[in-house]
1. Mind listing just one residue for me: the one in region 55-89 that is at pLDDT below 85 and either in contact with a Leu (Cβ under 8 Å, 6 or more places away or on another chain) or among the charged types (D, E, K, R) (or both) and, of those, surrounded by the fewest Cβ atoms within 10 Å (Cβ to Cβ)?
2. Please determine, by comparing only the residues of region 11-35 that are surrounded by 12 or more Cβ atoms within 10 Å (Cβ to Cβ) and modelled with pLDDT under 75, which one is nearest to M46 (Cα to Cα).
3. Can you pull out every residue in region 38-54 that is more than 21 Å from G86 (Cβ to Cβ) and modelled with pLDDT of 75 or more?
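The values are calculated or read from the model by the stated rules, or taken from the named source; none is laboratory data. All of these numbers come straight from a predicted model, not from anything done at the bench. Every residue, glycine among them, receives a Cβ derived from its backbone with ideal geometry; neighbour counts consider all protein chains shown.
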Amino acid sequence: MDQLNWDLFTHDFTNKMEFRDSYEKIKCFRVMDENGKVVTPGYAEMIPDDKIMKMYNQMVQMNEADIVYNAAQRQARISFYMTQLGEEA
């Protein structure tokens, strides 16, 4: 039961913001890829590179903290912790 179903975390990505009135799976909008490169046209000029890298580093840091705190919560070392998985947007 402690096995994580990674299929739940696979996403298609897009750089176009679309609003739909249907029940099909929605693509996840993103501005940066996994390497910190801006993939959405126009955003590269709006945000300085150093700020983009700081944002990306903070997202990675929060995900790492989630792993540590969630493990501590499962081991009953802390009483409650809710992960921020998927809250980067």
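1. Taking the candidates together, the pick is E87.
2. The first filter runs over region 11-35 and keeps only residues surrounded by 12 or more Cβ atoms within 10 Å (Cβ to Cβ), leaving 11, 14-15, 26-33.
So of that shortlist, the ones also modelled with pLDDT under 75 come out as 11, 26-27.
Numbers: H11: 26, I26: 26, K27: 23 Å.
Within region 11-35, the match that is nearest to M46 (Cα to Cα) is K27.
3. P41, G42, E45, M46, I47, P48, D49, D50, K51, M53
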